[in-house]
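First comes the structure, then the notes that go with it.
The values are calculated or read from the model by the stated rules, or taken from the named source; none is laboratory data. On a predicted model such as this, the values are computed, not experimentally measured, just so you know. Every residue, glycine as well, gets a Cβ built from its backbone with ideal geometry; the counts of neighbours run over all protein chains shown.
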Amino acid sequence: MDKLQKTIALLGFPVLLFAQEDPYPPGTVQMTPEIDLNLESVPLIVPEKFKGLVSENLSLNLPPGFSVKVFAVAGLQGPRMMAFNKDGILHVANMKAGGADEFTPRGNSSSQIVALPDRDNDGVADTVIVAADQLRWANSLAFYKDDMYVADTHQIVKFTDADGDLVYESRKIFADNIPTAGSPHITRTIVIDEAKGIFYLSVGSSCDVCRESDPERATVLQFNADGTGRRVFATGLRNAIGLDIHPVTGELWATNNGHTEADSSMPPEWIDIVRDGGFYGWPLAFGYQVYIDFGIRGHWRVPPITKADSLLVESMLRPAALVDAHVAPMDIHFYPDGNFPAQYHNAAFVAYRSGFRGPDPGHKVVALFVDPDGSNARVGDFLTGFWPSPSDQGNIWGKPVGLASDGEGNLYLSSDWINHIILRVEFQGDPQTGVSDEGHGALPLSVVLEQNYPNPFNPSTKIRYTLPQADHATLKIYNLVGQEVASLVDQFQHAGEYEVMWNASNFPDGIYFYRLSTGDFVETRKLLFVK
């Protein structure tokens, strides 16, 4: 039942016109609609202190009004996830500081955490301070009540900096014996729900597709703030590298790296809410309850499929967002209120580290616009250009991984290979209007259907809506029993804002519904005609 059907049913009237099949039934894959953020090429700004360390002829693509510059480069080797401490100083997991190659550590102590203070507020790191070292394969960190928590491959370590010099002299194991292995999926990601005092840790699978013997593999684990209460929070997550807490709902969200199918376009990667007790498919299914092809490669190790397996697959909810296969989504960061245009507030930025094997070249950052409950998702390229020519893999110059934003709202992005750098994305303009100093206007980022005004009305009312991209649109009026009584719009329209007037003089007074349909978007609202 769609929104109109549900509303009619709640009012006690029969559903006559709109009986139809579910447009997104179980057993299907529906990719998230893409929107165009109107990217334009901007030069990568290289501060004087970094000249010679980074090429000065690089450029990236961003929406109008944005710029990007190098924030830090010296002393970085495999910078991954990032976090700001209470004093607004950026910290990053310098994962490959011990000389590891792109995927494999060398020796037992290859990682460190470095602090990158910007005390003169010029948007460039002043220096690199080794905040903590002697870590095996540190991928991420988070701050809680002035202490720093680092997710190593085999444990969570708590660090304390009592004197505030950014060198953390106290070290204590918070959680030990985290499942680990030489490969694959040796990175661990930590995120903390500060409001609830709950810690979450993602633990990847030990294989592409197989049955795990360790119940803590392919999961998200949960801990209390004192280290007690360790338990499996959610299962079926092959490799959930990105974790973040939604700023409105407080729910945990994650990105997931899918398994390998024979078809290079399958399975899609997902971005979704991670719910307590939820099952997310692996090693049985993907998408919305679509079973894996167990006849390829080593997937034969999973069958036979049991009744318990079938019930798990049936419990899978529709994913909030599905994006192209093999782009390897890394960090997810919900953008808070800041100096970016208002439409980015509470949107999620997601870093794609790869893209060789699938339909999307990847190596970029996308913006995910989605309602807090996970519905109505749209995704658009936000920062591209690390791979200027997809026909030549040799010209890739960055691998996006970590994301963070500072107190002013500037966005930071780490690249952990080829160029080991941290970039800072800034917006010059009015964050309320989205208009930059150069006069560029912000495009609408999602379909918006507004409440009619006035409401109640007699005899005319205005209906306004916004289209983020050109598409065929219909706007129709229905009575309480689902009969169409007026067609206001039925045509192809360009992106923009629209206003339509409905005059109900020739209709009886009462409750009516207006419905906007365009692309995959359908929304219905109620209006009241009172004579």
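For this structure, a couple of remarks:
- Meets criteria (under 24 Å from residue 349 (Cβ atoms) and of a type in the set (S, T, N, Q)) for residue 111: no
- Restricting the range 202-214 to residues that are of a type outside the set (Ser, Thr, Tyr) and part of a loop (DSSP other than H, G, I, E, B) leaves a set whose member that is nearest to the chain's Cα centre (by Cα) is 204.
- The one condition in (1) part of a loop (DSSP other than H, G, I, E, B); (2) modelled with pLDDT of 95 or more; (3) under 28 Å from the mean Cα position of the chain (by Cα) that residue 166 fails to fulfil: (3)
- Qualifying residue in the range 233-249 (condition: of a type in the set (Lys, Arg) and over 21 Å from the mean Cα position of the chain (by Cα)): no
- Residue 98 vs. criteria modelled with pLDDT under 95, in a loop (DSSP other than H, G, I, E, B) and small (Gly, Ala, Ser): yes
- Members of the range 414-463 found to be out of contact with any Lys or Arg (no Cβ under 8 Å at 6 or more places or on another chain), closer than 23 Å to residue 337 by Cα and at pLDDT 90 or above, listed by number: 422, 425, 427
- Counted as qualifying within the range 314-400 are the strands (runs of 3 or more DSSP E) with 3 or more residues that are of a type outside the set (Ser, Thr, Tyr) and more than 23 Å from residue 202 (Cα to Cα), namely 378-383.
- Number of residues in the range 215-232 that are over 17 Å from the mean Cα position of the chain (by Cα), surrounded by 13 or more Cβ atoms within 10 Å (Cβ to Cβ) and not charged (D, E, K, R) equals 9.
- Of residues in the range 485-531 being polar (S, T, N, Q) and over 24 Å from residue 377 (Cβ atoms), the one modelled with the lowest pLDDT: 491
- If you go through the range 118-132 and keep only what is within 28 Å of residue 155 (Cβ to Cβ) and buried (at least 17 other Cβ atoms within 10 Å of the Cβ), you end up with 128, 129, 131, 132.
- Residues (closer than 27 Å to residue 344 by Cα, assigned to a loop (DSSP other than H, G, I, E, B) and of a type in the set (S, T, N, Q)) located in the range 24-77: 30, 32, 38
- All positions within the range 116-130 that are hydrophobic (A, V, I, L, M, F, W, C) and not in a strand (DSSP E or B): 124, 125, 128
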